[in-house]
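Trainee: What follows is a structure written as C-alpha cells; I'll ask about it next.
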Amino acid sequence: MDFTLSGEQRQIRDTVAEFVDEEVVPRAAEIDETDEFPADLIDEMAELGLMGMPFPVEYEGAGLDYHSYAIGLAEIARGSGGLGTIVAAHTSLAGNMLYEFGDEAQKEEYLTALNTGEDIGAFALSEAEAGSDVPAMSTAAERDGDGYLINGGKLWISNGSVADTVTLFAKTDPDAGRKGISSFVVRPEEDDGFIVEGTEDKLGDKGCPTAELRFDDMWIPEERRLGEEGAGFVHALKTLNGGRITIAARSVGIARAALDEAKTYAQEREQFDGPIAEFQAIQHKLADMDTKARAAELLMHEAADLKMRDEDYIKEAAQAKLYASEISREVANEGVQIHGGYGYTKDFPAERFYRDAKLNEIYEGTSEVLRNTIAQQLLDE
Ligand SMILES: Cc1cc2nc3c(=O)[nH]c(=O)nc-3n(C[C@H](O)[C@H](O)[C@H](O)COP(=O)(O)OP(=O)(O)OC[C@H]3O[C@@H](n4cnc5c(N)ncnc54)[C@H](O)[C@@H]3O)c2cc1C
C-alpha cells in the first residue's frame, strides 16, 4: 500500500492548482454573482488538457489515471464549485458514456471533440417525475425509419443549455421497465425538436447551467444509439458509479477551500486581545475539518484505485461520495461558524462554499439512495 502521489500525479496537482489560483479563484465570486457559464475559462482549461483528463490520447484526451483526474477535479472545485460540476458532467458523465459504450466512429466523432473542449457535454437522465427512480422515466424513443423519434423532457441537466453533445436516456420499450431504456447521442444544433425550456435559479453551483430540456418529435439516426437497445439503464448505473468518485473529488475540493479560508481568517481575526485561532474551540474545529477532508480524500483514492484495477467498486464509490459530500457540507458549515457574522455575508467566500457543498449530497445519487446502495452491497457480500 502506497499513499504517496507519483511524480506525474504531483505534477498534475501543481499545474492545476497554479491555474486555479491564478485564473479561477480571482473569478469565483463573479461567477457566483452572475451565474454565467465561464466559456473563456473552459477554453483555457481545454488548452491545458483539462476537458478530457481520463481519456486516451488517441481521442485527444490527456491520458491520465483516475487518481490524477480526481486530484485535478478537486483542485478545480477548490476554485469554483460550478466549474467543478461543468467539468464533472462533461467528463465523467458525457465523456465516459461515449468512451465506455460508444463504437469507434462515435468515439472518434464525439468523444474527441469533447476532449479537445471544442464541444461541451451533458448527461440527460433525470426527469420531473423520475429522479432517484430512474425507470419511472417517460421520455420515449420510437423506431421511425432508420432512426428514432424522441418525445419527452429532462430536468436538472448540468451544462444542458450550452452542450453540443448530450447523452440521452429514453424508453425504447415502455413495457420492459429498466430493460426498456436505451441511450443515445443527441446534437442540439443539428437535431430539430431539441428545446431548452430554461435554466434553474439555484442555491449554489453557479456558472454551471442546470437546464430543463424538451424533445418535440426530435428525429435522430440509428447510428446515434449507444450500444444495444435496452442497455441504457446499465450504462447509466455504470457511468454514475465512476461519476461518484468525481463528486467525492468536488466535495474534497470545496472542503479544502472552506478549511483554507477558515484557517487564514482564524489567524487574522482578533477578539479578546488575540487571534481567534488561539482559542481551543476554534483549533478543534480546524482539526476536525482537516481530518474529515483527509479521510474523504482517502476514500476517493481507494475507489479510484479499484476502478483503475477493473475491480468492483460500486460500494466504495458510493461510500466515497456519501462521506465526502456530507463532510463537505459539515466543513463548510464550520467555515461559516469560524467567520462569525462575517461568514453569513458575501464579504467572504465561506457562505459560497456552504451553498456549493450542499449540492454534493443531492446529485448523482442522494445520500439516502447511496445508503441503500451501500447496505445492499454489504448484505450481498
Ligand atoms: C444542480 C443539479 C444538477 C443536476 N445535474 C444532473 C445532470 O446533469 N443529469 C441528470 O440526469 N440529473 C441531474 N441532476 C438530478 C439529480 O441527480 C436528482 O435531483 C437526484 O437524483 C434526486 O432526484 P429528485 O430530485 O427527483 O429527488 P427524489 O428522487 O424525488 O427524492 C426526494 C427525496 O426522497 C429521497 N428518496 C427517494 N427515493 C428514495 C429511496 N428509495 N429510499 C430513501 N429515500 C429516497 C431522496 O433521497 C430525497 O431526499 C441534478 C440535480 C441538481 C439539483
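Trainee: Quick check: from the Cα gyration tensor, does the stretch 1-98 come out rounded (a/c under 1.5), prolate or oblate?
Mentor: Oblate shape, in that a/c is at least 1.5 and b/c is the bigger or equal ratio.
Trainee: What are the semi-axes of the equivalent ellipsoid of the stretch 72-213, taken as the square roots of 5 times the eigenvalues of the Cα gyration tensor, listed largest first and rounded to whole Å?
Mentor: One finds semi-axes of 25, 18, 14 Å for the stretch 72-213.
Trainee: Taking K and R as +1 and D and E as -1, what net charge do the other residues with C-beta under 12 Å from the C-beta of Lys154 add up to?
Mentor: Overall, the nearby charge balance is -3.
Trainee: While we're here: Test of understanding: extend the Cα→C-beta vector of Asp103 to 7 Å, then name every residue of the stretch 217-238 with backbone N under 20 Å from that spot.
Mentor: Output list for this probe position: 219-236.
Trainee: What is the fewest-to-most order of Phe123, Phe279 by other Cβ atoms lying within 10 Å of their Cβ?
Mentor: Phe279, Phe123
Trainee: Related question: First measure r as the distance between the Cβ atoms of Glu222 and Gln283, then evaluate 1/(1 + (r/R0)^6) with R0 = 56 Å and state the FRET efficiency to the nearest 0.05.
Mentor: With R0 = 56 Å, the Cβ-Cβ based efficiency is 0.35.
Trainee: Would you mind pulling out the separation of the Cα centroids of the stretch 274-305 and the stretch 137-152, in Å?
Mentor: Taking the Cα centre of each part, the stretch 274-305 and the stretch 137-152 sit 49 Å apart.
Trainee: Measure off 7 Å from each Cα along the Cα-to-Cβ vector at Asp290 and Glu8, then give the distance between these two points in nanometres to one decimal.
Mentor: In this crude label model, Asp290 to Glu8 measures out at 3.1 nm.
Trainee: What ranking do Thr4, Thr373, Thr34 get, fewest neighbouring Cβ atoms within 10 angstrom at the top?
Mentor: By the 10 Å Cβ count, ascending: Thr4, Thr34, Thr373.
Trainee: What percentage of all Cα-Cα pairs in the chain are separated by more than 27 Å?
Mentor: For the chain, the share of Cα pairs beyond 27 Å comes to 47 percent.
Trainee: While we're looking at this one, here's another question. By the gyration tensor of its Cα atoms, with a ≥ b ≥ c the square roots of the eigenvalues, what is the shape of the stretch 151-247: rounded for a/c under 1.5, prolate for a/b over b/c, or oblate?
Mentor: Oblate, because a/c is 1.5 or more while a/b does not exceed b/c.
Trainee: Within 10 Å of each residue's Cβ, count the other Cβ atoms and sort Arg355, Arg250, Arg214 from fewest upward.
Mentor: Ranked by crowding around the Cβ, least crowded first: Arg214, Arg355, Arg250.
Trainee: Would you mind putting 78-86, 98-106 in packing order, based on average other-beta-carbon counts within 10 Å, highest first?
Mentor: Answer by packing, highest mean first, reads 78-86, 98-106.
Trainee: With the dipole of the chain worked out from charges on the C-beta (+1 for Lys and Arg, -1 for Asp and Glu) around the Cα centre, which of Thr246, Ile157, Tyr59 lies farthest toward the positive end?
Mentor: Comparing the listed Cα positions along the dipole, Thr246 ranks first.
Trainee: On a 0 to 90 degree scale, rounded to 10, what angle separates helix 7-19 from the longest Cα axis of the chain?
Mentor: Helix 7-19 sits at roughly 80 degrees to that axis.
Trainee: Something else now. Between the helical axis of 280-308 and the dominant principal axis of the chain, each derived from Cα atoms, what acute angle in degrees is found, rounded to the nearest 10?
Mentor: Orientation of helix 280-308: about 30 degrees from the principal axis.
Trainee: Would you mind checking Lys202/Lys358; Lys107/Lys321; Lys171/Lys315 for any pair whose Cα atoms are more than 18 angstrom apart?
Mentor: Lys107/Lys321; Lys171/Lys315, as the Cα separations exceed 18 Å there.
Trainee: In addition: Using the alpha-carbon centroid of each, what span in Å lies between the stretch 325-381 and the stretch 154-223?
Mentor: Each part reduced to its Cα centre gives a spacing of 27 Å.
Every read-out reported here was derived from the displayed coordinates using simple, explicitly stated rules and does not represent laboratory data. All values reported here derive from a predicted model rather than from experimental measurement. FYI the Cβ positions are ideal-geometry reconstructions off the backbone, even for glycines, and counts take in every protein chain you see.
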